[in-house]
1. Suppose we keep only residues that are in a strand (DSSP E or B) and within 22 Å of residue 221 (Cβ to Cβ) within segment 283-311. Which one would you say is farthest from the chain's Cα centre (by Cα)?
2. Would you please list the contacts, defined by Cβ atoms under 8 Å and residues six or more apart or on different chains, that run from a residue in segment 215-233 that is within 14 Å of residue 199 (Cα to Cα) to a residue that is in a helix (DSSP H, G or I)?
3. Got a sec? Which of 428, 519 is at pLDDT 90 or above, under 33 Å from the mean Cα position of the chain (by Cα) and surrounded by 17 or more Cβ atoms within 10 Å (Cβ to Cβ)?
4. Name the pairs whose Cβ atoms lie under 6 Å apart, with the first residue in segment 469-497 and within 24 Å of residue 450 (Cα to Cα) and assigned by TED's automatic domain parsing to the domain that holds residue 437, the second surrounded by fewer than 11 Cβ atoms within 10 Å (Cβ to Cβ) and modelled with pLDDT under 70, and 6 or more positions between them or separate chains?
5. Here's a check for you: in segment 522-540, which residue that is in a loop (DSSP other than H, G, I, E, B) and modelled with pLDDT of 85 or more is nearest to the chain's Cα centre (by Cα)?
6. Restricting attention to segment 234-254, report how many residues are surrounded by 17 or more Cβ atoms within 10 Å (Cβ to Cβ) and in a loop (DSSP other than H, G, I, E, B).
7. For the list (1) out of contact with any helix residue (DSSP H, G or I) (no Cβ under 6 Å at 6 or more places or on another chain); (2) surrounded by fewer than 17 Cβ atoms within 10 Å (Cβ to Cβ); (3) in contact (Cβ under 8 Å) with a residue 24 or more places away in the chain, I need the number of the one condition that residue 191 fails.
8. When residues of segment 431-442 are filtered for being out of contact with any helix residue (DSSP H, G or I) (no Cβ under 7 Å at 6 or more places or on another chain) and modelled with pLDDT under 95, how many remain?
């Protein structure tokens, strides 16, 4: 880009921000440094407006403090912007009234005829929950404004629409009011269901009452519903009309009792179901399905068929009610024999002996395609060790290459086990364990794996995260860090002294903060989210109904 006088102007895009670097002459540079005007401010409004449009809205708006010349230039970023993002960064440090007033103000400035993305996240205001008896104000005066925002976006053929009404306070109040009533009183306007260009729809804490004809959603590719009062019939109606839907995310949809994905024309590739407590029937027959993630009561699930492309499965029910017919876990895995990436928790491991006691040694199909396995452990006792061994004896995994094990934070045991004779990991190359403390049961597990993996290349043991020091200290004391480092060196030497069948294996034991995280499970982000939620809320919530 050239500025006045032919001097080059460099525009560097740095991640989420933009850096403008001018190259004036030395004389001009000295003049600007001595109080003269800068060359950038001499550019026409249209060029400066384009530069600001490349910056995040909040950063662009802050340029108003530079000088009187920049005071009104921020308006350019709203006039023809195709992405209107009113989420956490925009809402920061604003009262509800300020937030609504500013959104209205910016929409009035917009002159474009097309919007690709319209995002609203009102994270701090409890007033969007008027239908629940809460110990706070239930003012609904903002609802008409939100409806106008949605109508504004739909009128401009929005392609991605995200509406999230939630509050950190609601995470706590959830336990008092119950899941079945904890939904915002805001109803999604019917215009949304007539928006044919809409490809991505994400709703949080909304009421969903679509009109009889929702054929306008024919272009929808991704649907995300979090704490939305969608019923099975409504969801089925949406699925039948959205023939191009590829991703379906359902979380805390408390009225949802069944999901049936059986249409021959279905194109769904990813299904995520989280804590839909009343779900008792899940029937899937979809050759297009590639990824299935479930967090909740797995035992209630239905059946899978014709899922030959399902290669990515995440199943976790730690701290959820899973007290019945445990062998249904085994049936589930038997229905997905083509899985390549799998995460399961201890409930699945406990299901193996239960299944054997009911059905004997009638083994399910082996997991011949499995290449990565992650085990989420809620303890580490002799029984847990036996369950791990039983799982590998029960399910043949001849192609397993990567094994990740997340040990429980508080578990400890002096257990020993007899190593199974029929278990071998002939293709296993990578093992990583988190929250490793070096207890006898954990060392027994490491011994088992080292003795059964002839081509193992890497064993990484990550220590339990250490709590930070109290106020007034910069993290843990230097002495504490030295003690921890010494403990890890001793632990690493103990593991290195264990017998192994692979002479090339590299053994690394490190502190939690020293883990470079380059080696991580495919489901790492989902795992961390659920594990942190469990640790933060363990003992607070009752997840039974």
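1. The qualifying residue farthest from the chain's Cα centre (by Cα) is 285.
2. Partner pairs satisfying both residue conditions: 215/241; 216/193; 216/194; 217/193; 217/238; 217/241; 218/241; 223/238.
3. 428
4. none
5. Of everything passing the filter in segment 522-540, 523 is nearest to the chain's Cα centre (by Cα).
6. Result for segment 234-254: 6.
7. Result: residue 191 passes all but (1).
8. 6
The values are calculated or read from the model by the stated rules, or taken from the named source; none is laboratory data. Remember, it's a predicted structure, so these values are computed and weren't measured experimentally. Virtual Cβ from ideal backbone geometry, glycine too; neighbours counted across all protein chains shown.
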